[in-house]
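Colleague: One structure is given below, represented as structure tokens, and several questions about it will come after.
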Amino acid sequence: MNTILELLLTLTVAGSAVMACLLLLRLVPTKVLPTRWRYRLSKLAVVFYLLPLAIGVQWIPSFFTTSSLTTQVNEHLFPVLHSSVEQLSGKANSEQTVTELTISANLVFVFLCVWVIGIIAYLTWQTYVYRRLLKMLESTRSPIPHNSEAVLLLPFIKESLGIKSNIQLAYSSGIRSPVLVGLWSPTIYLPVEKTANVDMSMVIRHELIHLKRKDLWFKAFTLGASALHWFNPLVHLLRKDIHTWSELSCDEEVVREMSYAERKRYGETILNVVAGSRNLPVQFCASLSGDGKQLKRRLEIMLNTKKLKKSTIVLTTVALITVGAVGTTTAVWASNNTPKIETIRATNSLESNFANDFTMEIEETAVPHIEHEEFVKKIDLDNVLKLPLSPVSVKLSDEHKFTPEEWQNILSKIEIGEIHLEDE
């Protein structure tokens, strides 16, 4: 449960931090921070709500710090063996107990149960809404004649946008505005009525740009984040922002190469369908129409869209990096400060574990009648003599402390200078 609690808290805190930055950036005019960049920042918030980036960030430094202990022990163990036996044994007995922030296990269990029930309820409702939309579209669907304007324009606009996937066209009497639906089998549904004053090429281009940018997929990911963090109001606000900025940025891309007269024509097309899909679930589709409250803002942005200046690109890039850094830092902080379900005893593991292991080795290897000072020379002597360390000194009077085989080995080492013979 600790892992689930830490993961959930890390994701919701990091995503909320990014969302808070986006709310502050609403104070910045769209001339300074264009809608396409606001849309990208909103996508970044979805990423922080779904991916545990803190785990990857914390893993990087730990990769470089785990190999030093063995090297240091191998290099320095024997020269300081006599002086460190008692120190290490003392450190093994001097554990420091640190009580971390804790939370009741029963409380966590209840919270996780409510959380899972909320996810199931949310996904069940959204599935019902999506199936109801598909059922309505299928029941009101009718084929489009092959010689119609939309069918003739579709392949040319697809080629100009570099889209190779198959897209279906169909009429639907249940809608009053063009709408794109479907992740794996995308279909553009056109209204049967109110198409006389609509520029069909602009309508098709608008929906195909949504398809090219995978906007429906990002809406699906946002819906997944909303299910995972259903208790967080900021994630539901993000879902609305994803829809708003996807439509505004799509308008920008549609009119980017248009003249002012063509933009006015596109604006008239939007006006003719503005109330057409007000009752459609926008989390499952991309529609040309939108909320009437945003109409004025949408037209102003569309008519005043210009090529990005270098200063604007620099500022937006800095904003993107800054928001990403804020989200990552917050994720790491949340991961390190997640309450634990039970008290954890933290010790100086490197020193105490080494001391315990080393003391155990001494106890298993030591000879009872040998004094502690003499034991340093006695322990695993054959292996010690193979190490590229400082020479060990002995006296001739020490012969009785070793077996005959060991003493012969020592004498041979004395002859080649690997062991120093001390004077009596």
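Read-outs: derived from the displayed coordinates by stated rules, not from any lab. Everything numeric in this text was worked out from a predicted model, so none of it was measured. Cβ sites come from the backbone with ideal geometry, for glycine too, and all protein chains shown count toward neighbours.
Colleague: Using the Karplus equation 6.51 cos²θ - 1.76 cosθ + 1.60 (θ = phi - 60°), what ³J(HN,Hα) coupling, rounded to whole Hz, does each residue of the stretch 164-179 give in order, writing x for Gly and Pro?
Modeller: 10, 6, 7, 10, 9, 10, 7, 8, 8, 7, x, 10, 10, 8, x, 8
Colleague: Considering amide H positions built from the backbone, and no H for Pro or chain starts, which residues 5 or more places from Val192, or on another chain, come under 5 Å of its amide H?
Modeller: Amide H neighbours of Val192, under 5 Å, 5+ apart: Ser172, Ile175.
Colleague: Could you give the length gained by full extension between Ser104 and Ala325, i.e. 0.36 nm per residue of separation minus their alpha carbon distance, to one decimal place?
Modeller: The Ser104-Ala325 span can extend by a further 76.3 nm.
Colleague: Let me ask another. Would you kindly derive the ³J(HN,Hα) couplings of the stretch 220-225 from the backbone phi angles with the Karplus curve 6.51 cos²θ - 1.76 cosθ + 1.60 (θ = phi - 60°), listing them in order in whole Hz, with x for Gly and Pro?
Modeller: 5, 5, 5, 5, x, 5
Colleague: Run through the DSSP bridge list for the stretch 131-307 and note the antiparallel percent, rounded to the nearest 5. Walk me through the numbers on the way to the answer.
Modeller: Working: 8 of 13 bridges.
In the stretch 131-307, DSSP labels about 60 percent of beta bridges as antiparallel.
Colleague: A further question on this structure: Between Leu411 and Asn166, what FRET efficiency comes out of the Förster formula 1/(1 + (r/R0)^6) with R0 = 60 Å and r the beta carbon distance, rounded to 0.05? Please report the intermediate quantities before stating the final value.
Modeller: On the way: r = 89 Å, r/R0 = 1.48.
Once rounded, the FRET efficiency stands at 0.10.
Colleague: Something else about it: What ranking do 122-132, 328-338 get when scored by the average of other Cβ atoms within 10 Å per residue, highest first? Write down the numbers at each step before the final one.
Modeller: On the way: 122-132: 13.0, 328-338: 18.0.
In descending order of packing, they fall as 328-338, 122-132.
Colleague: Further, regarding this structure: Around Ser139, with a cut-off of 15 angstrom between Cβ atoms, what is the net charge of the other residues, counting Lys and Arg +1 and Asp and Glu -1? If you can, show how the numbers build up before the last one.
Modeller: Numbers: positive: Arg131, Arg132, Lys135, Arg141; negative: Glu138.
Combined, the nearby Lys, Arg, Asp and Glu give +3.
Colleague: My understanding is that a pair violates if its Cα-Cα distance is over 28 Å; which of Lys158/Lys264; Lys214/Lys306; Lys214/Lys340; Lys43/Lys310 do that in this structure?
Modeller: Working: Lys158/Lys264 23 Å; Lys214/Lys306 24 Å; Lys214/Lys340 40 Å; Lys43/Lys310 23 Å.
Cα-Cα > 28 Å for Lys214/Lys340; rest within.
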